[in-house]
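Working notes, structure below.
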Amino acid sequence: MLDQAQLPARQDPSRGFDHGMFIPLKLMFPDADIPEVQLSLRHDLDPQAHLDAGRALAALRDEAY
């Protein structure tokens, strides 16, 4: 979805979930029954690029899990 929106992205399988994401979700969803996607901030911190990424991924919100 990010590629289709012409937003460069790459996976880094060596990185686990950040505790700032993992711990709140673990408390809210202890059965771990929801999908999660973690994105890192861009190095340039461009707010528009982050908003564009959110728009590109918004359709995931409506998918059944």
Sum of -39500 (n - 2.57) over DSSP H runs of 4+, divided by residues of the chain (222 nm, nearest 500):
-9500 deg cm²/dmol
For the chain, the per residue accessible area (1.4 Å probe, Å²) is 91
Treating only the Cβ atoms of Lys and Arg (+1) and Asp and Glu (-1) as charged, compute the dipole magnitude of the chain about its Cα centre; round to the nearest 20 debye.
120
Solvent accessible area, Å² - residue 28, 1.4 Å probe, full protein context
120
For the chain, compute Rg over Rh where Rg is the Cα radius of gyration and Rh is the Kirkwood radius from the inverse mean 1/r over Cα pairs.
0.98
Using Cα atoms only, what is the angle between the long axis of helix 19-28 and the major principal axis of the chain, expressed in degrees (0 to 90) to the nearest 10?
50
Over the stretch 18-65, what percent of the accessible surface lies on carbon and sulfur atoms, probe 1.4 Å?
60
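The values are calculated or read from the model by the stated rules, or taken from the named source; none is laboratory data. Please read these numbers as outputs of a predicted model, since none were measured by experiment. As a convention, Cβ positions derive from the backbone with ideal geometry for all residues, glycine included, and neighbour counts pool all protein chains shown. The area values use the complete protein model at the heavy-atom level, side chains included, leaving out ligands, DNA and RNA. Shrake-Rupley method; radii C 1.70, N 1.55, O 1.52, S 1.80 Å.
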